[in-house]
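What follows is a set of notes on a single structure, which appears directly below.
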Amino acid sequence: MAGDSLFGVHGAALEVRSQRMGVLASNIANASTPGFKARDVDFQAALQSLEGGADGIAAATRYRVPTQTSMDGNTVELNAEQTAFAENAVQYQTTLSFLNGRIGQITRALKGE
Amino acid sequence: MMSTPMTIFQVAGRAMSAQLVRMNTTASNLANAGNSAGSAEAAYKTMKPVFRTSFDQASGLATVDVERVVTAGEAPTKRYDPANPMADKDGNVFDAAVDESRELVDMMETARGYQNNVEVMQTAKSLIIDTLKLGR
């Protein structure tokens, strides 16, 4: 899907980052729901399955293994989720700047500057 | 219930509503702490919301809903106080059993949860605005 396109791997990467932001937001939203199992997107697997045209990001979403279990069966560890969310936001912005760079490059080439 | 796939704003927004319900029950509990009544049935009982995950298959996102609000906690404490105008024929009044320190801890956790969801929404909003500015 993304191999020969204008944006290379970054288009698919943006999609995975966006979905991961949603999954991490779901974890944070359910931080106090009893029995909720936290999930996360395996970035590498998701990217590969998107590029290979497989069933996409849903197949690369895994349950998180908690380092400390809680009595109500909830596996959300808020500090880990917040760190992952912040990290993912930065990575999303990185992907955006790669895309912006590519767009600028193409625009300059088209204008012949 | 939802025909279109869930968005990150719905995830955070509905979680905020759920936390608000929890904050309201905590406020009711604290407001009624120390209230007494003439019978065990009429005495105030601690209220707690029951949170339930609402999973959206189409988007793979999960938010949280308040399934119902239940009464929880200890039974009202019987106290002998014949001078109280609300006392029953044996001279007993029933005090609401509200664990105030537990309610305060709950309130702090609720506030933290709400703030986290606000933070998520702000981050998502700014990233989406950045995405819209792509190529400009």
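Data for the structure
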| quantity | calculated |
| --- | --- |
| Rg ratio (alpha-carbon, reference 2.2 N^0.38 Å) - the range B:30-80 | 1.77 |
| Scattering curve values for the range B:1-119, log₁₀ I(q)/I(0), Debye with Cα scatterers, q = 0.11, 0.18, 0.22 Å⁻¹ | -0.50, -0.89, -1.12 |
| Pairwise burial B:A, computed as accessible area of each alone minus the pair, summed, 1.4 Å, Å² | 2100 |
| Cα-centred dipole magnitude for the range B:1-133, charges only on beta-carbon of K, R (+1) and D, E (-1), debye, nearest 20 | 380 |
| Percent breakdown of C-alpha pair distances by 5 Å bin, ordered from the shortest bin, for the protein assembly as shown | 1, 6, 11, 13, 14, 12, 9, 8, 6, 5, 4, 3, 2, 2, 1, 1, 1, 0, 0, 0 |
| Two-site FRET efficiency, A:Thr69 against B:Met108, from Cβ-Cβ distance with R₀ of 25 Å, rounded to 0.05 | 0.65 |
| Cα Rg, Dmax, chain A, angstrom units | 17.3, 64 |
| Cβ-placed point charges (K, R +1; D, E -1), dipole of the protein assembly as shown about Cα centre in debye, nearest 20 | 720 |
| Lys pairs under 30 Å by Cα in the protein assembly as shown, provided they are eight or more residues apart or on distinct chains | 8 |
| Solvent exposure, largest accessible area first (probe 1.4 Å, DNA, RNA and ligands not counted), of A:Leu24, B:Leu30, A:Leu110 | A:Leu110, B:Leu30, A:Leu24 |
| Cubic angstrom per residue, convex hull over Cα atoms of the range B:1-45 | 71 |
| Amide hydrogen neighbours beyond the local backbone of B:Thr77, cut-off 5 Å, H modeled | B:Asp95, B:Ala97 |
| For A:Met21, solvent-accessible area (1.4 Å; no DNA, RNA or ligand), Å² | 10 |
| Estimated [θ] at 222 nm from DSSP helical runs (n ≥ 4, -39500 (n - 2.57)) normalised by residues in chain B, nearest 500 | -15000 deg cm²/dmol |
| Extent along principal axes [Cα atoms of the range B:55-136; Å; largest to smallest] | 80, 26, 18 |
| Accessible-area order (highest first, 1.4 angstrom probe) of the listed residues B:Arg68, A:Arg20 | B:Arg68, A:Arg20 |
| Whole-number percent relative contact order across chain A, with pairs defined as alpha carbons under 8 Å at least 6 apart | 31 |
| Accessible area of chain B divided out per residue, in Å², using a probe of 1.4 angstrom | 58 |
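The values are calculated or read from the model by the stated rules, or taken from the named source; none is laboratory data. Remember, it's a predicted structure, so these values are computed and weren't measured experimentally. Here Cβ is always computed from backbone atoms with ideal geometry, including for glycine, and neighbour counts include all displayed protein chains. Ligands, DNA and RNA are stripped out before the accessible areas are found, and what is left, the full protein with its side chains, is counted by its heavy atoms. Shrake-Rupley method; radii C 1.70, N 1.55, O 1.52, S 1.80 Å.
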